[in-house]
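Worksheet for the structure shown next.
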Amino acid sequence: MATTNTAMKLSSLLVPSKATQVEFPGFPGFVIDISFLTREALVKIRKDSTKQSFKNRQQTDEVDDQVFLQLYVKAAVKGWKGLKLSYLEQLAPIETAGNPDDELAYDEDNALALMKSSASFDAFISEKVTDLANFAKTSTSK
């Protein structure tokens, strides 16, 4: 039977974010560093990408999709390794003149461009960063 610690507070156990690595399915060695996005983090991203405007003398809030995606990628994708040009060709329309085994280095601009141009990468990241099970076995926090 488990014991209950009445002095323990959930707020003292919560961490603002938690990171892990996931391998993109079908692309051996393409490993992405992702960060779990809490509900609070998602709300903040949405708030930070919302602009207010007036239509017919009434204030409306509109989410700027470009700003939202930029903030989302910055919060969710922390790095990657192993993104070969041959893999990239399967994710987004590109022109390559290099060796198919050459790798595209991670930077925030590359991550944003890939999210914008690849529905499968976008869907994979969105699924992984909100599924707590992906982060349950790791103790890395940022």
In region 37-60, is there at least one residue being of a type in the set (G, A, S) and in contact with a Lys or Arg (Cβ under 8 Å, 6 or more places away or on another chain)?
-> no
Any chance region 118-135 includes a residue that's under 13 Å from the mean Cα position of the chain (by Cα), assigned to a loop (DSSP other than H, G, I, E, B), surrounded by fewer than 17 Cβ atoms within 10 Å (Cβ to Cβ) and on the phi < 0 side of the Ramachandran plot?
-> yes
So which pairs qualify, if the first residue must be in region 85-98 and surrounded by 11 or more Cβ atoms within 10 Å (Cβ to Cβ), the second must be in a loop (DSSP other than H, G, I, E, B) and at pLDDT 95 or above, the Cβ gap must be under 6 Å, and the two must be at least 6 apart or on different chains?
-> Y87/F27; Y87/F30; L91/S118; A92/S118
Across region 103-117, what is the number of residues that are in contact with a Lys or Arg (Cβ under 7 Å, 6 or more places away or on another chain) and either surrounded by fewer than 17 Cβ atoms within 10 Å (Cβ to Cβ) or farther than 20 Å from P28 by Cα (or both)?
-> 1
Residue pairs qualifying under the 7 Å Cβ cut-off, at least six apart or on distinct chains, with the first in region 49-77 being more than 23 Å from L37 (Cα to Cα) and the second being charged (D, E, K, R) and part of a strand (DSSP E or B), are Q52/D61; S53/E62
Please specify each residue of region 7-42 satisfying the condition of being closer than 24 Å to F121 by Cα and either surrounded by fewer than 11 Cβ atoms within 10 Å (Cβ to Cβ) or among the acidic types (D, E) (or both).
-> E23, P25, G26, D33, R39, E40
Counting only residues in region 47-74 that are in a helix (DSSP H, G or I) and touching a helix residue (DSSP H, G or I) at 6+ places or on another chain (Cβ under 7 Å), the one surrounded by the most Cβ atoms within 10 Å (Cβ to Cβ) is identified as Y72
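The values are calculated or read from the model by the stated rules, or taken from the named source; none is laboratory data. Just so you know, these numbers come straight off a predicted model, no measurement behind them. All Cβ positions, even for glycine, are placed from backbone atoms using ideal geometry, and neighbour counts span all protein chains on display.
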